[in-house]
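Comments concern the structure below.
Any read-out appearing in this document is the output of simple, stated calculations on the displayed coordinates, not a laboratory observation. Values in this document were obtained by computation on a predicted structure and should not be read as measured data. Cβ: placed from backbone, ideal geometry, glycine included. Neighbour counts: every protein chain shown.
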Amino acid sequence: MKIIGTGSSLPKNTVSNDDLAKFLDTNDEWITTRTGIKTRHLLTTEDLYDLAVDAAVKAIQASGLRPDQIDFLLVSNVANRHVTPGLSCIVQKRIGLTCAGLDINVACAGFVNALMLADSMMKSGHAKNILILCAEEPTKYCNWHERDCSVLFGDGAGAVVLTEGNAFKDVKLTMISDRDVLYYERGMETTPFESHYIKGQPLVMKGKELFRTAVSESAKDIKTILDREHLTPDDINWFMLHQANKRIIEGIRTIVGGTEEQYPTIIQKYGNTSSASIPIMLDEMLRADQIRQGDKIIMSAFGAGFVSAACLWDWEF
Ligand code: UT7
């Protein structure tokens, strides 16, 4: 499997830390030093479906394929205003696709999990050309009266088109069931039979615990891949990590090794865009001509669940 096209889309509206400090008890200094975030893009006039379609269309155009040559659509999305139908159904026609598709929710680790599925579908002969679309609006499930979560997130979408090839080398997926560290609970309709109705609640996060687990589990995943493939950090051109916090990325680098230059970041511009963060960064790096034939790339992400995932590429155009 290899990637032959990428695309990304961010909302027009850029929100700075100072903008947040106008209505939250926070400040640029705290957000910058604790997270590395300076700005994020938030949905205003557009909706998530517009971003999703835009990113997907750009990825298909970059691939050189026609939409009718895409055999399967895999969408990663944590939540949007529709519980059903899935986001893949909602955007399929607007992207110009006729193929089947499905949605997955593996929180921020959705992109790497979708890569594993795409690889398996190609190996089984089920599909040759696959579109993975990660579209997320985490700012819509934060409590905007509190400063703890709302300052961390941004909205965005990233997409890749994959076809047969030998670039995708290895993948490791991890799940440690612990619902209480990070969760968003949506309210549901009441029934005449339910005695304990639970109202939905905005994102709840135990920040410190999540921070520690993210660093240790991601580092473990990456080291497993390095060991399995007989590689050292020096062999890797790019560690593309989920963009949740600059200090988490630094923490992982301290354990795994490698220079700061090997760990690119977009967190400063976009905040945490959940499963869209890696495909957005990949799209920007490819368009900036930063990635070369044969580059070794490790991708790694963690998220609510607790879930984490890592994979290795030998880049092939
Ligand atoms: O995709 C996964 C999503 N989430 C994450 O990956 C988040 C992982 N966790 C983190 O990134 C960090 O834990 C945070 C950035 C969320 C918080 O950093 P921290 O160093 O763990 O700070 P803290 O929670 O210990 O808070 C320190 C202080 C507290 O005040 P007191 O109790 O020391 O007086 C907080 O109330 O900072 C306060 N605080 C803030 N101050 C200004 C918390 N949020 C803010 C804020 N602005 N936005």
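Counting pairs of alpha carbon atoms under 8 Å apart in space and at least six apart in sequence, what relative contact order in percent does the chain give? Each step should come with its number before you reach the end.
Details: 743 pairs, mean separation 81.5, N = 317.
With pairs under 8 Å counted, the relative contact order is 26 percent.
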> Taking the alpha-carbon set of region 167-235, what are its Rg and Dmax in Å?
Replying inline: 19.3, 62
>> Please list 3J(HN,Hα) in residue order for region 273-281, calculated via the Karplus relation 6.51 cos²θ - 1.76 cosθ + 1.60 where θ = phi - 60°; whole Hz, with x for glycine and proline.
In response: 9, 6, 5, 7, 5, 5, x, 5, 5
> Of 254, 312, 53, which is farthest along the charge dipole of the chain in the positive direction, counting Lys and Arg as +1 and Asp and Glu as -1 at C-beta?
Replying inline: 53
>> With just the Cα atoms defining each centre, how far is region 4-63 from region 259-276? Give it in Å.
In response: 12 Å
> What Rg and what Dmax come out for region 120-234 when only alpha-carbon atoms are used, in angstroms?
Replying inline: 19.7, 62
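Might you report the magnitude of the Cβ-based charge dipole of region 210-317 about its Cα centre, with Lys and Arg at +1 and Asp and Glu at -1, to the nearest 20 debye?
Details: 11 positive and 15 negative charges, 95 e Å.
Value, rounded to 20: 460 debye.
Within 10 Å, count the other beta carbons around each residue, average over each peptide in 90-99, 69-78, 253-262, and list them highest first. Kindly include the intermediate steps, with their values, before the conclusion.
Details: 90-99: 18.0, 69-78: 23.9, 253-262: 14.7.
So the order, starting with the most tightly packed, is 69-78, 90-99, 253-262.
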>> Can you tell me the mean projection area, over all orientations, of the convex hull of region 195-317's alpha carbons? Units nm², please.
In response: 9.4 nm²
> Packing-wise, with mean Cβ within 10 Å as the measure, how do 150-158, 79-87 rank, highest first?
Replying inline: 150-158, 79-87
>> Less than 24 Å apart at the alpha-carbon level, and either on another chain or at least 8 residues along: which lysines does that give for residue 296?
In response: 2, 123, 128, 169, 172, 220, 223, 246
>> With the alpha-carbon atoms as the only input, what is the per residue convex hull volume for region 81-134 in Å³?
In response: 86 Å³
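Specify whether the C-alpha gyration tensor of region 270-310 places it in the rounded, prolate or oblate class, a ≥ b ≥ c being the square roots of the eigenvalues: rounded for a/c under 1.5, otherwise prolate if a/b is larger than b/c and oblate if not.
Values: a/c = 4.74, a/b = 1.64, b/c = 2.89.
Oblate is the answer for region 270-310, as a/c is 1.5 or above yet b/c matches or exceeds a/b.
Using Stokes-Einstein with the Kirkwood hydrodynamic radius over Cα pairs, what translational diffusion coefficient do you get for region 2-166 at 37 °C and a viscosity of 0.692 mPa s, in µm²/s rounded to a whole number?
On the way: Rh = 16.7 Å.
In µm²/s, the coefficient is 196.
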>> Less than 19 Å apart at the alpha-carbon level, and either on another chain or at least 8 residues along: which lysines does that give for residue 199?
In response: 140
> Which values of log₁₀ I(q)/I(0), to two decimal places, follow from the Debye formula for the chain at q = 0.15 Å⁻¹ with a uniform point scatterer at every Cα?
Replying inline: -1.22
